[in-house]
1. Which of the residues spanning the range D:161-175 are within 16 Å of ligand 1 (Cβ to nearest atom) and within 9 Å of chain C (Cβ to nearest Cβ)?
2. Could you tell me whether the range D:176-193 includes any residue that is within 16 Å of ligand 3 (Cβ to nearest atom) and over 23 Å from D:SER27 (Cβ atoms)?
3. Restricting the search to the range D:43-60, which residues are small (Gly, Ala, Ser) and either touching a Phe, Trp or Tyr at 6+ places or on another chain (Cβ under 8 Å) or within 16 Å of ligand 4 (Cβ to nearest atom) (or both)?
4. Quick one: would you say C:ARG74 is closer than 28 Å to C:GLY216 by Cα, of a type in the set (Lys, Arg), away from ligand 1 (no atom under 16 Å from the Cβ) and surrounded by 19 or more Cβ atoms within 10 Å (Cβ to Cβ)?
5. Exactly one condition in (1) within 14 Å of chain C (Cβ to nearest Cβ); (2) away from ligand 4 (no atom under 16 Å from the Cβ); (3) within 13 Å of the chain's Cα centre (by Cα); (4) of a type in the set (Val, Ile, Thr) is false for D:VAL87; which is it?
6. Return the pair list, or none, for Cβ contacts closer than 7 Å from residues in the range C:133-146 that are within 8 Å of chain D (Cβ to nearest Cβ) and in contact (Cβ under 8 Å) with a residue 24 or more places away in the chain to residues that are outside any helix (DSSP H, G or I) and within 16 Å of ligand 1 (Cβ to nearest atom), at least 6 apart or on different chains.
7. Are any of the residues in the range C:173-194 over 17 Å from D:ASN170 (Cα atoms), part of a loop (DSSP other than H, G, I, E, B) and in contact with a strand residue (DSSP E or B) (Cβ under 8 Å, 6 or more places away or on another chain)?
8. Can you confirm whether the range C:38-49 contains a residue that is in contact with a strand residue (DSSP E or B) (Cβ under 8 Å, 6 or more places away or on another chain), away from ligand 1 (no atom under 16 Å from the Cβ) and small (Gly, Ala, Ser)?
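The values are calculated or read from the model by the stated rules, or taken from the named source; none is laboratory data. Everything quoted here is computed from the prediction, not taken from an experiment. Note: ideal-geometry Cβ built from the backbone for every residue, glycine included; neighbour counts use all protein chains shown.
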Amino acid sequence: MFSFLVGEAVRDLRRAGRVGLSAVLLITLSLAALGAFWLVSINLERAVTQWRERLRVVAYLRDEPRPEAVAELVRKVQAVGGIQRVRYVSKGEALESLKRALGAQSSVVDQLPRNPLPASVEVTPDEATATPEGTRELVQRLTALREVEEVQGGAEWVESLAQWRRLFQLTGLAVGAVLALAAILTVTTATTLVLHARRDEMEIMRLVGATERVIRLPLLLQGMVQGLLGALIALGGLEAAHALLAPRLEPLLTLTLGLSRAAFLSAPEMLLLLGGGAGLGALGGVLAKGRSFA
Amino acid sequence: MFSFLVGEAVRDLRRAGRVGLSAVLLITLSLAALGAFWLVSINLERAVTQWRERLRVVAYLRDEPRPEAVAELVRKVQAVGGIQRVRYVSKGEALESLKRALGAQSSVVDQLPRNPLPASVEVTPDEATATPEGTRELVQRLTALREVEEVQGGAEWVESLAQWRRLFQLTGLAVGAVLALAAILTVTTATTLVLHARRDEMEIMRLVGATERVIRLPLLLQGMVQGLLGALIALGGLEAAHALLAPRLEPLLTLTLGLSRAAFLSAPEMLLLLGGGAGLGALGGVLAKGRSFA
Amino acid sequence: MIWLHHVAKLYDTGPVALPALTDVSFSVDKGEFVVLSGPSGAGKTTLLRLLYRDERPSEGEIEVAGFDLVTLRRSRIPLLRRSIGIVFQDAKLLAGRTVFENVAFVLRVLGTPRGEITPRAFQALKAVGLSARAQAYPAQLSQGEAQRASLARAIVKAPALLLADEPTGNLDEDMAAEILELIKEIWTRGTTVLLATHRGALAAQLKRRTLTLRAGRLVKDEG
Amino acid sequence: MIWLHHVAKLYDTGPVALPALTDVSFSVDKGEFVVLSGPSGAGKTTLLRLLYRDERPSEGEIEVAGFDLVTLRRSRIPLLRRSIGIVFQDAKLLAGRTVFENVAFVLRVLGTPRGEITPRAFQALKAVGLSARAQAYPAQLSQGEAQRASLARAIVKAPALLLADEPTGNLDEDMAAEILELIKEIWTRGTTVLLATHRGALAAQLKRRTLTLRAGRLVKDEG
Ligand SMILES: Nc1ncnc2c1ncn2[C@@H]1O[C@H](COP(=O)(O)OP(=O)(O)OP(=O)(O)O)[C@@H](O)[C@H]1O
Ligand SMILES: Nc1ncnc2c1ncn2[C@@H]1O[C@H](COP(=O)(O)OP(=O)(O)OP(=O)(O)O)[C@@H](O)[C@H]1O
Ligand SMILES: [Mg+2]
Ligand SMILES: [Mg+2]
């Protein structure tokens, strides 16, 4: 009986013919787009994590503390809460980094009669605090310290970062929903085609005593095969695109997102994509109704 | 006869039923994606144009020229060719802008005993020269001038800009091709469905003496209607998305791309999209073959 | 084997609901050979469709081969149909399969052991004189050949009940006589037969119990 | 009206190419009433299909209603078919349209003025006794009714040539006699008729010139 069902499924696939091919291609496109979005999403998530790591709030100090007092100061700053890491920057270090930042115009620094820059502590907020509100509160808490003259940075940058992430999540949800819809529509359409090509046959099969299982299971199988095939091609295409583009893109990625390499889907994620394809195909196979034709 | 053909086309649309609806939806998705890409492309093009406008090469001068000699100098620089605009920056102006750039640390500048910055000319390359090679040559030509001590900027920035544009064009071509393929596949699939639902009828129509025109024209019409409908919905969706997102996005756009507002498609571009949808639908209607079923 | 009690069938066709059958009651015992006669449109095909549960009666009760068709659950319809062989008036062959596959399909659906399928299918095709056309597709058959293929499919599973709707409608006299002989032979081997025809002469010639329908009413039951 | 010269038809069915017609020659004059007789599978339907250019002959020449069917271009086939009324053995009605629409469709395709279509279609349906079922869909018809609808569609355009393939195959005796009367009436009004049947008795009863096919060969031409 099993060989019979598989035989019927193969017959259905053949019957779908050129249109079946279109269906597989459309599924491929849908899944490739979904996969591409996923890939970008993964890499953007990595970038967001890195950005959050790099988020800094700088507290300028009234006076440069004596070397032996630095540890005590750092402990005090740490105690305000919501802080992941604290780094002390002396007046000398500050001037050095200004010199580096000025580049071609660094000669300016050499002509200064004395170092005008204050000492500071660079504070990295912890994950929970790396939000616009969290940072704003952190700035307030730092400003309240007696040793601190002025607190800079953080808030707006985090604000913009958070906005990007929100936008990204929104786009992701929209794109994902649209593509999932397209994929389901496609499989259903393709299966409806097969079903329609088969409608008279199904009627006759019922009349000669075939059970619904014998009639329906091959449809589900062919839908699954279409979905799986589409997913496989999509995955292959993604891998190829990644292999081809990643080396060219990495300089740009480093420049703009600060990522050193573009990650690909992990093995479980790839399996999920394949399983999703097969499941989608099977769903299309089950959902399709030949009855929609007058 | 015309009312007869239209009547047949409407009958075909009804016959496609739920699947026809899927087809229209899929066309909508395809065209919406194409349109969205187009929209992004238009705005990126605008940004690229702006960036190119802002591209600068700075030639630092050996000595600050006397005020009455500035016009002569600018003319001389202009004469090296490939230049759109030249702006003279005096020592004083240079210090001012450094002060502005330093922001919180601007006090450094006030403590300088004398102005260490050189005078310079800011050169904007013309369109043809705004390429990595063009800029490199421009830098060489400027360096050759007697008054010029050192030339900075341009090359790498243009390099990176050109790379972004190349990447963008590549992505654009790929995405466009894939989506066009998907759209054509979809319409063909949908029309094949209608055709298949109609195949027996077409056979009988031929047998009772109907001409190919009477048989085929309604198919083309229904394909066109599907395409047009899809295009209309897609356009509506894009307008809605633009109206909803543009105000939220504009701060970000200003920040990242330097664009003050997100442009929408112009009227001719919208007509082109609609015409493209109708044409695509008609093409699908003509290309579809009912014969693909065994 | 068959038992009908005050059966009526109204087709719901918009404003006018046509009565295709009105107050039909009769029964057929196991092993009987009954002819269902009546002019075109009398309701013969409708009656047969009620018997294999392709339609449900608007009124009345029906029992076939031990199944109560009024209460029969959808999932159990295949069970009913497996015990019935049907010769459809319009053949109803699977268009994408050869004549042989059409006949073999029934056996595969029934789960017949692989080795038995081919010989039994060929035997049935030989009985209706179609073994030479076994590899032809339905579209390549003459109407008479299609009708014989339909008969071969009906008898291949040796059903307990054979419903034959105009099994000789597309056949010439010689072929018709042969086919009737064949059906009689199947009947003598124990199958109950209900044969519908609009040819009064044929009904008379068979000399069997004849039910006569006229405009949906059973007007005669004799012989 | 019809002229065949050494016509043969071989169906290409894989390894064995079956000769459905072999060396058939005859002619039918304008205004004749000719019966085409022969057992099931003799090639009657095949011969008719050659006449309305649904198939092309493997050999020989055919002329119908002034068209040379061997050289006829595809685009001109509709012209040929418009002058022929065809009653198909299996009715071939458009499934998505009512009986009335099926008949009216032919007139619309021919470009008949709007006002004429409805009365002419109803007249044709009345002639075959189907006006009561005008709004029914083909699936709602009995086989006999379907065959009559097919006849109505064939005669509605008052064709120069009527090809009728077993037009009474699904009809009871009374209805068959009526339909034959109707066809004769159409013939007396000037239409050339070629009527195919496997019922020898029917052919004899018509008392017209009869062409007899057997296994694809024309074995008799008499009457
Ligand atoms: N599905 C249907 N919907 C509506 N009416 C129907 C349907 N099927 C049959 N009828 C009508 O019911 C009546 C009986 O039809 P049925 O097919 O049972 O006749 P029949 O005796 O088999 O005739 P024939 O000898 O021509 O095949 C006819 O008037 C027919 O038009
Ligand atoms: N499309 C086809 N392909 C292959 N063989 C065919 C095709 N159509 C008909 N035949 C074969 O040609 C022969 C003649 O068929 P045809 O339909 O002409 O017979 P007929 O005289 O009309 O018979 P009937 O009275 O049963 O309708 C038959 O053996 C048939 O199987
Ligand atoms: Mg019937
Ligand atoms: Mg025939």
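1. Within the range D:161-175, D:GLU166, D:GLY169, D:ASN170, D:LEU171, D:ASP172, D:GLU173, D:ASP174, D:MET175 qualify.
2. Within the range D:176-193, one or more residues are within 16 Å of ligand 3 (Cβ to nearest atom) and over 23 Å from D:SER27 (Cβ atoms).
3. Selection gives D:GLY43 alone.
4. no
5. (2)
6. C:GLN143/C:ASN170; C:GLN143/D:GLN89; C:GLN143/D:ASP90; C:GLY144/C:ASN170; C:GLY144/C:LEU171
7. yes
8. no
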